[in-house]
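This report concerns only the one structure given below.
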Amino acid sequence: MRQGFAGIGDFQMLGFWDYTVVLTYISFAFSGIGIFCAVSHHVRWAIFFLACSGLCDMFDGKVARTKKNRTEDEKRFGIQIDSLCDMVCFGILPVIICYKSGMNHIYSIVILILYSLAGLIRLAYFNVMEEKRQQETEEDKKYYQGLPITSMAIALPLLFVLSPLLPGREVFVVILHLLVITVGTLFIVNFRLRKPSVPELVLLVGAVAFAVAILIVIGRGWWVFLRQTAFPGGGYLTGI
């Protein structure tokens, strides 16, 4: 395979095509399905696919590092494609879910835009610093700098699962606003967060999987009643 191309005979495609990026592409596909679910008012399934994207993202780096003979171009491509995918999965999909779940006022939209911007800034900064770090050492990074953008794939599903415990829809929407503000701010606050060990990662994945299973099977929360919320022009949220 020529560097930066893959193909058969004279037919070639741009990019690097091997198993190291498969999980990243699957994560992107999940987020695409989630976006279609969200805009079609199937918020429960959108949350499910957001969580699936998060699970893929937790392991894509570990899979990529199993290939020991990666070229510098392959490493750079991996950094870029992972961040681009993360922006769609955890910067755009959560915004659409939150908009469809009650964050539809002017101030809410401003918050959602700032959340996406914070995620974009974080990922661009990560790309620069990670490429520099990989030029200096082959060691795995032991900590995150700031809150990883993937964290929204954990926080948002958990909030939806716990929503039946809340006293009402208004409280859910307020907490949803606070969650987006807090997570978005922590994307760009400079602090160190230790990366989870393998047992901790398995426990985290199990907790998210359990929460999502509850969401799919039960599917009940105050956010369900947002389908009864009228929008300008007489439209309603349906099919959640």
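The figures follow:
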| read-out | value |
| --- | --- |
| Of the criteria (1) modelled with pLDDT of 85 or more; (2) more than 20 Å from the chain's Cα centre (by Cα); (3) farther than 21 Å from residue 101 by Cβ, which one residue 199 fails | (1) |
| Scope region 146-187; condition aromatic (Phe, Trp, Tyr) and within 20 Å of the chain's Cα centre (by Cα); matching residues | 160, 187 |
| Residue check, residue 137 at pLDDT below 80, of a type in the set (S, T, N, Q) and in contact with a helix residue (DSSP H, G or I) (Cβ under 9 Å, 6 or more places away or on another chain) | no |
| Test for residue 130: is it under 20 Å from the mean Cα position of the chain (by Cα), closer than 30 Å to residue 73 by Cβ and modelled with pLDDT under 80 | yes |
| Residue within region 69-88 that is surrounded by 14 or more Cβ atoms within 10 Å (Cβ to Cβ), of a type in the set (Gly, Ala, Ser) and closer than 12 Å to residue 180 by Cβ present | no |
| Among (1) farther than 22 Å from residue 206 by Cα; (2) modelled with pLDDT under 90, the one test that residue 62 misses | (1) |
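The values are calculated or read from the model by the stated rules, or taken from the named source; none is laboratory data. Nothing here was measured: the structure is a model prediction, and the numbers come from that model. With ideal geometry, Cβ positions are generated from the backbone for all residues, glycine too; neighbour counts draw on all protein chains shown.
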